[in-house]
Amino acid sequence: MAVDKKTVLVVSRHPELADVRKHVLEQAGFEAVSISEPERIEEACRNHKISLVAFNISAYECVLNKGISKRRAILSEAGV
């Protein structure tokens with residue numbers, strides 16, 4: 001029986017670190033989608049069935065500064 005892999009959205013402003021995180025998650029059996037611009041969270045959530053969002057702290061601070069309530073609404077609408 002095929003098991004659906006959970007998808008993790010990796011949000012990091014440092015592409016080389018995002019690549020490492022993505023690789024580790026894939027080796028652990030997850031699907032991983034990586035973005036380097038927090039502004040693309042909405043697009044990623046609309047285009048993928050995201051189960052978890054993993055923020056790099058600097059990316060998370062950027063989201064906070066741009067209005068976390070809007071991001072929460074977007075993630076909630078996307079079912080995250």
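The values are calculated or read from the model by the stated rules, or taken from the named source; none is laboratory data. Computed from a predicted structure; not experimentally measured. Here the Cβ positions follow ideal geometry from the backbone for every residue, glycine too, while neighbour counts run over all protein chains shown.
Of note, E16 does not satisfy the criterion of being acidic (D, E), assigned to a helix (DSSP H, G or I) and within 10 Å of the chain's Cα centre (by Cα).
Scan region 41-71 residue by residue and report those that are at pLDDT 70 or above and over 12 Å from V10 (Cβ atoms). Show your work before the answer.
So in region 41-71, the residues at pLDDT 70 or above come out as 41-55.
Those that are at pLDDT 70 or above and over 12 Å from V10 (Cβ atoms): E42, E43, C45, R46, N47, K49, S51.
Residues in region 19-33 that are β-branched (V, I, T) and under 13 Å from the mean Cα position of the chain (by Cα): 1 in all.
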